[in-house]
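The values are calculated or read from the model by the stated rules, or taken from the named source; none is laboratory data. Every value quoted in this text rests on a predicted model; they were computed, and no experiment measured them. Cβ: placed from backbone, ideal geometry, glycine included. Neighbour counts: every protein chain shown.
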């Protein structure tokens with residue numbers, strides 16, 4: 001089996017397609033972000049290079065290639081060199097388990113449209129998400145720069161704190177989908193998205209992944225005003241652009257993961273399956289899968305950019321207490337609510353109890369918002 | 001197990017992409033050494049002392065708490081997979097587990113381990 005060269009060819013093609021899709025996505029995401037931010041701030045944004053400024057990312061890339069690379073004095077040379085690679089590789093390989101279309105018969109063989117459709121997909125996502133902390137910490141540590149050091153430390157503390165809530169969100173999805181394989185989770189959302197069954201969980205997951213990829217309003221590790229870009233302030237040229245690449249690829253990948261776990265992945269909207277005799281369904285045309293996934297990812301990416309344009313960066317102590325005191329207990333409670341709902345529906349043989357999950361979780365989410373609001377208010381009035 | 005070979009292949013390919021990006025920069029970028037360029041950037045001030053200095057102890061505390069709770073999250077994963085077979089037994093088991101977990105959590109909160117001031 002392993003000596004079958006067509007299998008190797010299939011793997012190579014799938015991983016190349018995934019990697020170059022992410023690289024291309026990164027290139028146009030930088031453009032998309034700058035244009036969208038400019039619109040929201042009533043500016044024009046890049047519009048000179050090519051039609052609508054579409055060639056701007058290529059101009060940036062060419063500029064970065066021709067920049068000098070330097071290593072600060074007393075820096076740990078090997079770690080300094082390895083850190084950008086350690087950051088960018090996890091951001092690429094985390095996409096290996098994400099299915100982009102249903103498993104199909106093609107060229108006389110069964111092809112699953114994920115680089116590796118493993119049965120512990122969610123465990124894989126969790127482990128690779130943890131590994132991506134290393135690159136950032138090592139970059140901060142090896143630079144021999146106090147700002148970089150602080151940025152790396154902050155980033156690691158933030159990422160591991162939010163990883164707990166992330167883990168509980170994964171547990172929620174496994175409970176609902178009854179499997180750890182991402183393909184089976186997508187198939188389980190055939191009748192209903194998990195975002196509808198567990199709306200608070202979906203919002204929570206989105207907040208947590210924003211913190212995981214260090215995006216605004218949780219971009220403390222690279223706070224420009226205090227830390228001059230944090231962990232990558234000593235990097236220049238292509239090494240810097242690798243960090244930049246990793247950040248944007250992580251944005252794309254976590255949007256894909258959010259779409260797969262809560263918004264039906266490559267499947268169409270659940271009520272669209274029967275429209276036009278199933279002409280819009282991925283069961284009939286597998287190639288619609290990537291299109292649906294792309295639409296969902298673009299919408300989620302837009303929400304991320306929108307968030308960046310709207311919210312100011314939150315203070316570091318509040319960020320940590322938000323993670324530990326609000327998100328962790330809230331996600332634990334949501335897991336418990338999901339489990340109770342499933343058992344009730346199962347034991348009492350009534351789907352009605354299953355729908356207590358969204359109702360109770362929305363109520364709990366509103367309660368959490370009220371508690372946060374109240375505690376911030378009382379602090380504010382206490383100080384003045 | 002064969003799928004993991006595909007992941008290994010993807011790791012190799014993406015490492016190659018990263019290395020070739022750095023290599024391109026090293027090859028095409030200019031190289032003009034100077035003393036001022038080698039100094040770490042600290043907003044124009046001359047840096048004094050080591051760059052990697054002592055770390056506030058809170059970070060260690062967060063790390064220890066993380067290890068504790070993350071292992072508990074990992075225990076949740078297999079439980080969630082077989083939950084529909086265990087049904088009410090699994091629910092009660094997990095309620096006991098969460099109860100013990102919450103005692104530790106409340107203790108950490110009470111002791112001020114979650115404060116960042």
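In region A:1-41, which residues are more than 8 Å from every other protein chain (Cβ to nearest Cβ), surrounded by 13 or more Cβ atoms within 10 Å (Cβ to Cβ) and more than 24 Å from residue A:53 (Cα to Cα)?
Result: A:10, A:17.
For the condition out of contact with any strand residue (DSSP E or B) (no Cβ under 7 Å at 6 or more places or on another chain), in contact (Cβ under 8 Å) with a residue 40 or more places away in the chain, more than 27 Å from residue A:239 (Cα to Cα) and away from chain B (no Cβ under 11 Å), what is the one hit in A:99, A:51?
A:99 is the lone residue from the list that is out of contact with any strand residue (DSSP E or B) (no Cβ under 7 Å at 6 or more places or on another chain), in contact (Cβ under 8 Å) with a residue 40 or more places away in the chain, more than 27 Å from residue A:239 (Cα to Cα) and away from chain B (no Cβ under 11 Å).
Residues are listed down the side, and each one gets a yes or a no for (1) closer than 27 Å to residue A:89 by Cα; (2) at the interface with chain A (Cβ under 7 Å from one of its Cβ atoms):
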position	(1), (2)
B:20	yes, no
B:27	yes, no
B:30	yes, yes
B:38	no, yes
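Can you tell me which residue within region B:40-62, out of those that are under 19 Å from the mean Cα position of the chain (by Cα) and at the interface with chain A (Cβ under 7 Å from one of its Cβ atoms), is farthest from residue A:178 (Cα to Cα)?
Checking each candidate, the answer is B:55.
Here is a check on your reading of the model: is residue A:58 modelled with pLDDT of 85 or more, away from every other protein chain (no Cβ under 13 Å), surrounded by fewer than 19 Cβ atoms within 10 Å (Cβ to Cβ) and not in a loop (DSSP other than H, G, I, E, B)?
Taking the combined requirement at face value, the residue satisfies it.
What about residue A:248, is it closer than 23 Å to residue A:89 by Cα and under 13 Å from the mean Cα position of the chain (by Cα)?
Working: closer than 23 Å to residue A:89 by Cα: yes; under 13 Å from the mean Cα position of the chain (by Cα): yes.
Here the answer is yes, as residue A:248 does meet what is asked.
Residue by residue through region A:288-330, note down the ones that are closer than 19 Å to residue A:379 by Cα, in contact (Cβ under 8 Å) with a residue 60 or more places away in the chain and part of a helix (DSSP H, G or I).
Of everything in region A:288-330, those that are closer than 19 Å to residue A:379 by Cα, in contact (Cβ under 8 Å) with a residue 60 or more places away in the chain and part of a helix (DSSP H, G or I) turn out to be A:316, A:319, A:320, A:323, A:324.
Could you list, ordered by first residue, the pairs with Cβ atoms under 7 Å in which the first is in region B:97-110 and within 11 Å of chain A (Cβ to nearest Cβ) and the second is in a helix (DSSP H, G or I) and surrounded by 10 or more Cβ atoms within 10 Å (Cβ to Cβ), at least 6 apart or interchain?
B:98/A:332; B:98/A:336; B:101/B:72; B:108/B:65
So how many residues does region A:106-136 have that are more than 28 Å from residue B:78 (Cβ to Cβ) and buried (at least 21 other Cβ atoms within 10 Å of the Cβ)?
2
Please tell me if residue A:264 is surrounded by 13 or more Cβ atoms within 10 Å (Cβ to Cβ), within 26 Å of residue A:209 (Cα to Cα) and within 14 Å of another protein chain (Cβ to nearest Cβ).
No.
Does any residue of region A:140-155 turn out to be more than 9 Å from chain B (Cβ to nearest Cβ), under 15 Å from the mean Cα position of the chain (by Cα) and assigned to a helix (DSSP H, G or I)?
No: region A:140-155 contains no residue that is more than 9 Å from chain B (Cβ to nearest Cβ), under 15 Å from the mean Cα position of the chain (by Cα) and assigned to a helix (DSSP H, G or I).
Hey, among A:253, A:208, A:186, which residue is part of a helix (DSSP H, G or I), away from chain B (no Cβ under 14 Å) and modelled with pLDDT of 85 or more?
A:186
Among the residues of region A:344-354, is there at least one that is within 12 Å of chain B (Cβ to nearest Cβ), more than 30 Å from residue A:154 (Cβ to Cβ), in a helix (DSSP H, G or I) and in contact (Cβ under 8 Å) with a residue 40 or more places away in the chain?
no
Is there a residue being in a loop (DSSP other than H, G, I, E, B), more than 8 Å from chain A (Cβ to nearest Cβ), at pLDDT 85 or above and loosely packed, with under 13 Cβ neighbours inside 10 Å anywhere in region B:77-84? Let's see the steps before the verdict.
Just the residues of region B:77-84 that are in a loop (DSSP other than H, G, I, E, B), to begin with: B:82.
Those still in the list that are more than 8 Å from chain A (Cβ to nearest Cβ) too: B:82.
If we keep only those that are at pLDDT 85 or above as well, we get B:82.
If we keep only those that are loosely packed, with under 13 Cβ neighbours inside 10 Å too, we end up with B:82.
Yes - at least one qualifying residue is present in region B:77-84.
Looking at region A:108-139 only, could you name the residues that are more than 9 Å from chain B (Cβ to nearest Cβ), part of a helix (DSSP H, G or I) and more than 30 Å from residue A:79 (Cβ to Cβ)?
If the condition is that a residue be more than 9 Å from chain B (Cβ to nearest Cβ), part of a helix (DSSP H, G or I) and more than 30 Å from residue A:79 (Cβ to Cβ), then A:121 is the only one that fits.
What is the number of the single condition among (1) touching a residue at least 12 places away in the same chain (Cβ under 8 Å); (2) away from every other protein chain (no Cβ under 14 Å) that residue A:232 does not meet?
The number of the failed condition is (2).
State yes or no: is residue B:12 facing chain A (nearest Cβ under 7 Å), over 21 Å from the mean Cα position of the chain (by Cα) and either farther than 30 Å from residue B:91 by Cβ or at pLDDT below 85 (or both)?
no
Tally the residues that are surrounded by 13 or more Cβ atoms within 10 Å (Cβ to Cβ) and more than 14 Å from residue A:336 (Cβ to Cβ), restricting the search to region B:88-104.
Qualifying residue count for the region: 1.
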